[in-house]
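Visitor: Can you keep this structure in mind? I'll have questions shortly.
Bear in mind these aren't lab numbers, they're just calculated from the coordinates by the rules spelled out. In this text, all values refer to a predicted model and were calculated from it rather than measured experimentally.
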Amino acid sequence: MGFRLPRVVDAKKILRRVVSTPLAADVPKGHVAVYVGETERKRFIVPVLYLNHPWFQSLLSQAEEEFGFEHPMGGLTIPCTEEIFIDLICTLRSL
């Protein structure tokens, strides 16, 4: 657990988790808001560039299977744990 802490702390700097209003106005140009979590959804802002990566595409396919194209959150929802998502984003950033 202690070994993962620096990566999570670094991920907090990399990702800007937005807990405020779900308006698109707070999403910078070239980024997209996604909701992540299995029960409690947290909002992350990620670069649009990541959406084309095969690993991210796999998460999008899982989201399509689980939620279809309509979801009550009204946004892009990724059905995985926050930890897995942060690990993926950290890995994509280092490529």
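Visitor: Quick query: amide H of residue 32 versus all other amide H atoms, modeled in the peptide plane; which residues come in under 5 Å with a sequence gap of 5 or more or a different chain?
Guide: 46, 48
Visitor: Then there is this: Once phi is turned into θ = phi - 60°, what whole-Hz ³J(HN,Hα) does the Karplus curve with 6.51, -1.76 and 1.60 give for every residue of segment 28-34, x standing for Gly and Pro?
Guide: x, 4, x, 10, 9, 8, 10
Visitor: Amide H neighbours of residue 80 under 5 Å, counting only residues 5+ apart in sequence or on other chains, H built in-plane at 1.01 Å?
Guide: Under 5 Å from the amide H of residue 80: 37.
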